[in-house]
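Down below is the structure, laid out as structure tokens.
What follows is calculated from the coordinates using simple rules that are stated; it is not laboratory data. A quick note: this is a predicted structure, and the numbers were derived from the prediction, not measured.
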Amino acid sequence: MILRGLSMTDYQTIRKLIHRLREADTKWQVTAQREMAERYREVLPEPVWQRLRSNHFNHAELELLDLVAAAGKRGIAYQEVQAEVLYSQSLVSRYTNRLAELGLLVKEHPEYDQKAYQLTVTPAGERMAVLHAELHRQESKFFDQRLTRWSPEEVATTIAVLKSLTREK
């Protein structure tokens, strides 16, 4: 169905451009992931690297690791992590257990409460968090380079159009 006077050519052009945008994003993501995987391999102990590769580490786990790393040496309470992220309690539990099994963070009971957990990153976890932050800096640079020649109005219009395309009925 063609809406608001769009011609079939306009509609097809929009679909092709969205497809190209997806392809460009996918290409960048794959390239960045390969580069980061090599960088992880350079800084992590070999057993940790092998466990990461075989366990299909995901971005949500990296975000959780970033949150714990941001707390520094003092660490962060498990309850604080759970309050900060948008994941269910079961996912937070699964992710923290996996990160601990992989040797990227440590779960310890504080002396004052044997039911609670305090989370801290290991040196390997800290290196992963630093590299993850670098990946996001590269991503920002990638988009900044492409968007610097756009006016604020063009950016605002693009955002409005993309929002309208993704809006549910």
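Looking at region 36-100, what % of the alpha carbon pairs are farther apart than 15 Å?
55 percent
Please compute, over every Cα-Cα pair in region 110-169, the percentage with a separation greater than 18 angstrom.
That tail contains 66 percent of the Cα-Cα pairs.
Highest GNM mean-square fluctuation, the chain, Cα pairs closer than 10 Å: which of Arg41, Arg146, Arg53?
Per the Cα network of the chain with a 10 Å cutoff, Arg146 tops the list.
Search the structure for amide H atoms under 5 Å from the amide H of Thr122, placed 1.01 Å from N in the peptide plane, and list their residues when 5 or more places away or on another chain.
Amide H neighbours of Thr122: Leu105, Val106.
Using only alpha carbon pairs under 8 Å that are at least six residues apart, calculate the relative contact order of region 8-143 and give it in whole percent.
Once normalised by length, the contact order is 27 percent.
Kindly provide the helix-only [θ] at 222 nm of the chain, computed as the sum of -39,500 (n - 2.57) over DSSP H runs of four or more divided by all residues, to the nearest 500 deg cm²/dmol?
-23500 deg cm²/dmol
For region 35-40, in order, what is each residue's ³J(HN,Hα) by Karplus, 6.51 cos²θ - 1.76 cosθ + 1.60 with θ = phi - 60°, in whole Hz (x at glycine and Pro)?
4, 5, 4, 5, 5, 4
Which entries in Lys27/Lys163; Lys73/Lys163; Lys107/Lys141; Lys141/Lys163 show an alpha-carbon gap greater than 30 Å?
Lys73/Lys163; Lys107/Lys141
If you average the alpha carbon positions of region 14-43 and of region 89-131, how far apart do those two centres end up, in angstrom?
The two parts, judged by their Cα centres, are 29 Å apart.
Could you state the angle between the C-alpha long axis of helix 123-147 and the longest principal axis of the C-alpha atoms of the chain, as a value from 0 to 90 degrees rounded to the nearest 10?
For helix 123-147, the angle is close to 10 degrees.
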